[in-house]
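The values are calculated or read from the model by the stated rules, or taken from the named source; none is laboratory data. Quantities reported herein were computed from a predicted structural model and do not represent experimental measurements. All Cβ positions, even for glycine, are placed from backbone atoms using ideal geometry, and neighbour counts span all protein chains on display. Only protein heavy atoms, including side chains, enter the accessible area calculation; ligands, DNA and RNA are left aside. Shrake-Rupley method; radii C 1.70, N 1.55, O 1.52, S 1.80 Å.
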Amino acid sequence: MTDLESMKADKHNGHHSYHNNHDLVESEPLTWRFWRKRRYIVVLMAFFGFFNVYSLRVNLSVAIVAMTENRTVHDADGNISYEQDFPWDSKQRGLILSSFFYGYIFTQFLGGYIGTKVGGNLVFGLGIGTTAILTLLTPLAARHSLEMFLAVRIIEGVFEGVTFPGIHAVWARWSPPLERSRMASIAFAGNYAGTVIAMPSSGMLASRYGWPSVFYVFGTIGVIWLILWLLIVRAGPEMDRFCSKEECEYIQKTIGYTGPQTIKHPWKAIFTSMAFYAIIASHFSENWGFYTLLTQLPSFLKDTLNFDLGKTGFLSAVPYLAMGILLAVSGYLADWMQVKGIWTTTQVRRNFNCGAFLAQTVFMMLTAYIMDPTWSVIFITIAVGLGAFAWSGFAVNHLDIAPQHASVLMGIGNTFATIPGIVSPLLTGYIVGDSGDRYEWRLVFFISAGIYLVGCVIYWFYASGELQEWAKSPEQKAAEAEEKQLQLTQTTGFINNAADLKE
């Protein structure tokens, strides 16, 4: 393959690979023995980190059902009465479930900015660890007052808000371009593993040991993870003494890392980039449907479809089990299609993302129309599960268009994408009364379907998998100019050779 052909092949795959960095291979290729590659130990720890991110976030969705449940009490005289620990109505429950996001929305950009300065590993770890400590204090705060409970949830959101931007700073230093989809997807699968385990476990813990046990168990798990993360994970491969020299060099050469440097963010270019706005729109749309179900699905199953509390936890977890499994599949498939040259990076991101959104639109509308206990769970499971393919689209797209600025882009984008976490539970609380009327829930599902469709259209027309001109470093621009000059020289040589042959 000539230099010109090689450059074209790299461009076809959606990567601007100066000096053929993406053609590098390791002497020991990646196999199922992932532990032999230090970067996949980082992925494994990030997986468990995201497990904690979502288990700490969703446990309240189940616990609040037990906290506000009307229990039948029989006294010694045989009289029957009813009691509940907290007499919160649907609007107050919506406020509680959305309060987390009031804090979460304010630290997205900050997390991305700090991650580029001090290392994403510290930002990611301390964000989750502090949230875990606050979770241990949640029962005490709830018993004190509603205001104190809301304050603790808001502060939890403040610290957890730095996690997604923080992990993008980690990927920017640890993930080779042709492994980005699978590394990020495997780690993000922890979100859904956490949801799958936290929802049924929270239901069982609340039923057997009381609702406070939900917060004590998951808070303790989070603190244990924090200790392990700080001991194992470093900001970059060159700082990890257990990362082999060969692996370190392979990672750094493929991502073009030349050592610590001051990163200046081109703010005007960022905020005028349509490719970036496409990511924001897609992230917002996915989060609207996701947060609607994440916070309200247990209540929908119990109040409208009449499942008991124990089954509610298990059934609420099924859609996220599907998504966790499909995330690994979608990440591997996305990377494979790029490596094989079947689709460009732009095509992979666009087709995966928009295909998932169209399917989610259809199955959300079917859920709204059917309202059958069995079929509703099936349709919701398919809708949420197929969202895994969207995560191989927009969620890693920041690393395609501007890898050096990825954590900041994720921070800005996730700020907007957090708005659904605030608005959706409140809106659902106002639309759906305490009776859980199925026609009111139908409107909730229609709104989610419509937002998926809008996100699909915007992403389809404006998404890109190409490194943006404003994101190129001076070294990359110089290398690109050198390759263009080489291409011009070769083209001129071909023309001269052809002229000589003609003569």
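Annotation note: Cβ proximity below 7 Å between a residue of segment 318-331 that is closer than 19 Å to Arg350 by Cβ and a residue that is buried (at least 24 other Cβ atoms within 10 Å of the Cβ) and among the polar types (S, T, N, Q) (sequence gap 6+ or interchain) occurs for Leu327/Ser185; Ser330/Ser185; Ser330/Ser392; Gly331/Ser181; Gly331/Ser185; Gly331/Ser392. Quick check: anything in segment 368-375 polar (S, T, N, Q), at negative phi and open to solvent by less than 10 Å² (accessible area, probe 1.4 Å)? No: segment 368-375 contains no residue that is polar (S, T, N, Q), at negative phi and open to solvent by less than 10 Å² (accessible area, probe 1.4 Å). Yes or no: Glu440 of a type outside the set (Gly, Ala, Ser), without any contact (Cβ under 8 Å) to a residue 12 or more places away in the chain and in contact with a helix residue (DSSP H, G or I) (Cβ under 8 Å, 6 or more places away or on another chain)? Taking the combined requirement at face value, the residue satisfies it.
Closer than 22 Å to Leu427 by Cα, modelled with pLDDT of 85 or more and aromatic (Phe, Trp, Tyr), is that true of Phe86? Judged against the criteria, Phe86 is a match.
Which residues, counting only those in segment 464-483, are part of a helix (DSSP H, G or I) and either out of contact with any His (no Cβ under 8 Å at 6 or more places or on another chain) or within 16 Å of Phe271 (Cα to Cα) (or both)? Glu469, Trp470, Ala471, Pro474, Glu475, Lys477, Ala478, Ala481, Glu482, Glu483, listed by residue number. Ser282 fulfils the conditions (1) touching a residue at least 40 places away in the same chain (Cβ under 8 Å); (2) open to solvent by 10 Å² or more (accessible area, probe 1.4 Å); (3) in the same structural domain as Gly385 (by the TED database) except for a single criterion, (2). Taking Leu150 as the residue in question, decide whether it is surrounded by fewer than 24 Cβ atoms within 10 Å (Cβ to Cβ) and in contact (Cβ under 8 Å) with a residue 40 or more places away in the chain. Yes; evaluated as a whole, the condition is true for this residue.
Here Trp343 fulfils each of the conditions (1) part of a helix (DSSP H, G or I); (2) without any contact (Cβ under 8 Å) to a residue 24 or more places away in the chain apart from (1).
Against the list (1) modelled with pLDDT under 70; (2) of a type in the set (Lys, Arg); (3) open to solvent by less than 20 Å² (accessible area, probe 1.4 Å), the condition Arg71 fails is (3). Here Val396 meets each of (1) farther than 30 Å from Ile114 by Cβ; (2) in contact with a helix residue (DSSP H, G or I) (Cβ under 7 Å, 6 or more places away or on another chain) with one exception, condition (1). Taking the criterion of being surrounded by fewer than 18 Cβ atoms within 10 Å (Cβ to Cβ), among the small types (Gly, Ala, Ser) and under 16 Å from Ala383 (Cβ atoms), the only residue of segment 333-367 that qualifies is Gly355.
Tyr459 meets the stated requirement of being surrounded by 17 or more Cβ atoms within 10 Å (Cβ to Cβ), over 20 Å from Ile380 (Cα atoms) and of a type in the set (Ser, Thr, Tyr). Going by what's in this entry, would Thr195 be described as closer than 15 Å to Asn59 by Cα and buried (at least 24 other Cβ atoms within 10 Å of the Cβ)? Here the answer is yes, as Thr195 does meet what is asked.
Yes or no, residue by residue, for (1) open to solvent by 80 Å² or more (accessible area, probe 1.4 Å); (2) of a type outside the set (Asp, Glu):
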residue	(1), (2)
Gly465	no, yes
Glu469	yes, no
Pro474	yes, yes
Lys477	yes, yes
Ala481	no, yes
Gln485	yes, yes
Leu488	yes, yes
